[in-house]
Amino acid sequence: MTSVLFFASILAHELGHSVVAIRNGIQVRSITLFVFGGVAQISRDAPRPMIEGMIAIAGPLVSVALGGLFLGLYFVIHDINQPVAALSLYLFQINIMVAVFNMIPGFPLDGGRLFRALVWALSGSFVTATRIAAAIGRGIGYLFIAGGIAWGFYSGEVFSGLWLAFIGWFLAGMAQQSGRQVVVRETLKGVRVRDVMSGDQLMIPAEMDLRFLVEHYVALTGLRSFLVRNGDGWAGVLSLQDIEKVSRNRWADTRADQIMIPASKITTVGPGDDLLQAMELMDAGGVAEVPVVENGGLVGMLRRDAVVYLVETLGRRRNGD
């Protein structure tokens, strides 16, 4: 019961972030629980420092409130039922520890996000604030790694030391990833979809069967999705993931247009759209490419790997490589 309530407390902590984010118009994709905590995946960054700070502080406030609730339950029940009282005391301690740990000013912890919001408000630059917060987050992560190794070596508590070092490794990795995301934002600032999209599109006939498609197109081109042609236009998109849902012994009898995603249900972008906003749409939909449509007609495809290549190329140019 204690374990269940512990993870319920972590979930409530992440729901605190999520509720504030949703109330400010920011979509929450998912909440993932780890063995030492959780993370709410939001679709985009906060538009203003104040909102960033509100989202960051919501989780620790929920944990403090839960800690107070369990402490109150402990005082009420400790003379009546000692096992329940022990459970309540432990959950009070763990919720307070979660709140305190998350307030460490190391990005991407909540304290680091609060610090980023403060630097953002003072500097007026989200990029600068994230770089500083990410650098401090990496430093704190490295301190955790060094402290964990030293603790395990000198105290003999190897498992505890390794656990602390693992948390530090996780924090340092997340901070470095956040810093890279800022580089991507800065690199793609002002870039439009037309600058990256591919204009030459391979389209397959709607009546093509899946076996022929796999043997003559997927195997030879390495593409993982295809536009399905309907007359002079396009009817939808067929991905390798859709094909894999069909049993192999049915491939020869299944047409492309029978399992494709219709064009009416596919998110599209325009050639003049901001590339960063287009990438956010792709992230929200969990897709690696989207059709580019202008005046109702298909003009190209925007693929994630092309954006990654652009970022790497521009990054090498900036570094003089």
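The values are calculated or read from the model by the stated rules, or taken from the named source; none is laboratory data. All values reported here derive from a predicted model rather than from experimental measurement. Counting neighbours? That spans all protein chains shown, and the Cβs are built from the backbone with ideal geometry, glycine included. Each accessible area value is taken on the protein alone, full model and side chains, heavy atoms only, with ligands, DNA and RNA left out. Shrake-Rupley method; radii C 1.70, N 1.55, O 1.52, S 1.80 Å.
Near SER225, the amide H atoms lying under 5 Å from its own belong to LEU240; only residues 5 or more places off or on other chains count, and H is placed 1.01 Å from N.
As a check on your grasp of the helix formula, calculate [θ] at 222 nm for the chain: sum -39500 (n - 2.57) over DSSP H runs of n ≥ 4, divide by the residue count, round to the nearest 500.
Taken over the chain, the calculation gives -19500 deg cm²/dmol.
Largest GNM mean-square fluctuation among LEU15, LEU213, LEU66, using the chain with Cα springs under 10 Å: LEU213.
Which of the DSSP-defined H helices in the chain satisfy a minimum axial length of 24 Å, computed from C-alpha atoms, and a minimum mean Kyte-Doolittle hydropathy of -0.5?
Helices meeting the criterion: 2-23, 49-77, 82-102, 126-155, 158-187.
Over segment 177-321, the pair-distance histogram of Cα-Cα distances with 10 Å bins from zero comes to 11, 38, 30, 16, 5, 0 percent, rounded to whole numbers. Among the protein heavy atoms, those of MET97 account for about 120 Å² of accessible surface (1.4 Å probe, every chain in place). For segment 25-98, the solvent-accessible area of protein heavy atoms averages 54 Å² per residue (probe radius 1.4 Å; ligands and nucleic acids excluded).
Put the Cα centre of segment 97-142 next to the Cα centre of segment 1-80 and the gap is 18 Å. Tell me the net charge near VAL193. Cut-off is 13 Å between Cβ atoms, VAL193 excluded, with +1 for each Lys or Arg and -1 for each Asp or Glu. Neighbour charge sum, excluding VAL193 itself: -2.
The accessible area of TRP163, taken with all protein chains in place and a 1.4 Å probe, comes to roughly 100 Å².
Summary of the geometry: segment 253-279 and segment 170-246, compared by the centres of their Cα atoms, lie 9 Å apart. Within the full protein context, the accessible area of GLU294 is estimated at about 90 Å² for a probe radius of 1.4 Å. Over the Cα atoms of segment 1-91, each weighted equally, I'd like the Debye log10 I(q)/I(0) at q = 0.22 Å⁻¹, rounded to two decimals. Listed by q, the Debye log ratios stand at -1.00.
For Cα extents along the principal axes in Å, the candidate list reads (i) 75, 57, 39; (ii) 78, 51, 43; (iii) 67, 45, 42; the entry that matches the value derived from this model is (ii).
Summarised in one figure, the compactness ratio Rg/Rh of segment 55-107, Cα atoms and Kirkwood Rh, is 1.11.
If you model segment 119-213 as an ellipsoid using its alpha carbon gyration tensor, with each semi-axis the square root of five times an eigenvalue, the axes come out at 44, 26, 7 Å, biggest first.
How big is the antiparallel share of DSSP beta bridges in the chain, given as a percent to the nearest 5?
85 percent
A cut-off of 5 Å between modelled amide H atoms, ignoring neighbours fewer than 5 places along the same chain, links VAL191 with LEU275. Each other residue within a Cβ distance under 15 Å of GLY272 adds +1 if Lys or Arg and -1 if Asp or Glu, for a net charge of -2.
Each Lys or Arg adds one and each Asp or Glu subtracts one; over the other residues with Cβ under 10 Å from the Cβ of ARG304, this totals -2. On the chain, 59 percent of the accessible area sits on carbon and sulfur atoms, based on a 1.4 Å probe.
If the Kirkwood radius is taken over C-alpha pairs of segment 46-184, then at 25 °C and 0.890 mPa s the Stokes-Einstein diffusion coefficient equals 148 µm²/s.
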